[in-house]
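Asks: Just passing along the structure, written as structure tokens.
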Amino acid sequence: MLTVPNLISLVRIAMIPVFWGLIVDEDTTAWGIVLFGAVVATDWVDGTVARRTGQVSELGKVLDPVADRAAIAAGLVALVVRGAFPVWAAGLILVRDLAVLIA
């Protein structure tokens, strides 16, 4: 079921490799962080649009949390690769997010 909120979630997922590559590249890290922030912030947008327009779908109930967790995981890994975030802290967050996603 292709709805506006699901399309937003798909775009968020498609942007993951883009912001990851930008963050990892020393010359474009700032742009990558800005894009990462935009991708994470749009979580609120797709949920609000889904509820207000009555476009809540079973696909969206799966796609949205996957997009959220995947974006956060990719952002953390990119920051670890750049040396801007400690590995141990990223590991804790990723394990917690994996547990939430499974639950």
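Asks: Rounded to the nearest 0.05, what FRET efficiency do K61 and V81 give with R0 = 25 Å and r taken as the Cβ-Cβ distance? Could you check? Let's see the in-between values first.
Replies: Numbers: r = 32 Å, r/R0 = 1.26.
Efficiency computed from Cβ-Cβ geometry: 0.20.
Asks: For the stretch 36-53, what does the Karplus curve 6.51 cos²θ - 1.76 cosθ + 1.60, with θ = phi - 60°, yield as ³J(HN,Hα) per residue in whole Hz, taken in order and with x for Gly and Pro?
Replies: Ordered by residue, 3J(HN,Hα) equals 4, x, 5, 5, 5, 5, 6, 4, 5, 5, 5, x, 5, 4, 4, 5, 6, 9 Hz.
Asks: Rounded to the nearest 500, what is the 222 nm mean residue ellipticity of the chain from helices alone, with -39500 (n - 2.57) per DSSP H run of 4+ residues and division by all residues?
Replies: Details: 4 runs with 86 residues, N = 103.
Rounded to the nearest 500, it is -29000 deg cm²/dmol.
Asks: Still on this structure: Using the C-alpha atoms of the stretch 41-103, what convex hull volume per residue, in cubic angstrom, is computed? Present the calculation step by step, with values, prior to reporting the outcome.
Replies: Working: hull volume 4.8 nm³, N = 63.
Once divided by residue count, the hull of the stretch 41-103 is 76 Å³.
Asks: In sequence order, what are the phi-derived ³J(HN,Hα) couplings for the stretch 74-88 according to the Karplus relation 6.51 cos²θ - 1.76 cosθ + 1.60 with θ = phi - 60°, rounded to whole Hz, with x for glycine and proline?
Replies: So the J values, rounded to whole Hz, are 5, x, 4, 4, 4, 5, 5, 4, 6, x, 9, 8, x, 4, 4.
Asks: Can you work out the FRET efficiency for the pair R69 and V4, with r the C-beta to C-beta distance and R0 = 25 Å, to the nearest 0.05?
Replies: Working: r = 21 Å, r/R0 = 0.85.
Approximately 0.70, to the nearest 0.05.
Asks: How many percent of the accessible area of the stretch 36-103 is carbon or sulfur, using a 1.4 Å probe?
Replies: Numbers: 2920 of 4080 Å².
For the stretch 36-103, the apolar C and S fraction of the accessible surface comes to 72 percent.
Asks: Using each residue's phi in the stretch 8-19, evaluate 6.51 cos²θ - 1.76 cosθ + 1.60 at θ = phi - 60° and report the 3J(HN,Hα) Karplus result to the nearest Hz, with x for Gly and Pro.
Replies: Working through the residues one at a time gives 4, 4, 5, 5, 4, 5, 5, 7, 4, x, 5, 5 Hz.
Asks: Something else now. With the other protein chains left in place, how much accessible area per residue, in square angstrom, belongs to the stretch 8-103 at a 1.4 angstrom probe?
Replies: 60
Asks: I've got another one for you. Per 0.36 nm of contour for each residue apart, how much would the distance between L94 and R52 grow if the chain were fully extended, relative to their Cα-Cα spacing? Before the final figure, lay out the partial values.
Replies: Working: separation 42, 0.36 × 42 = 15.12 nm, distance 3.11 nm.
Length gained, L94 through R52: 12.0 nm.
Asks: Using a Gaussian network for the chain with springs between C-alpha atoms less than 10 Å apart, which of these wobbles most: G32, G54, G91?
Replies: It is G54.
Asks: Tell me, what is the percent relative contact order of the chain, built from C-alpha pairs under 8 Å that lie six or more residues apart? Provide the component values of the computation, followed by the final result.
Replies: Numbers: 97 pairs, mean separation 35.1, N = 103.
Relative contact order comes out at 34 percent.
Asks: What is the spin-label model distance, in nm, from A14 to A41 if the labels are put 7 Å beyond Cα along the C-beta direction?
Replies: Those two pseudo-labels are separated by 2.1 nm.
The values are calculated or read from the model by the stated rules, or taken from the named source; none is laboratory data. Just so you know, these numbers come straight off a predicted model, no measurement behind them. Don't worry about glycine lacking a Cβ; one is built from the backbone with ideal geometry, like all the others, and counts go over all protein chains shown. Side chains are part of the model used for accessible areas, which takes the heavy atoms of the whole protein and leaves out ligands, DNA and RNA. Shrake-Rupley method; radii C 1.70, N 1.55, O 1.52, S 1.80 Å.
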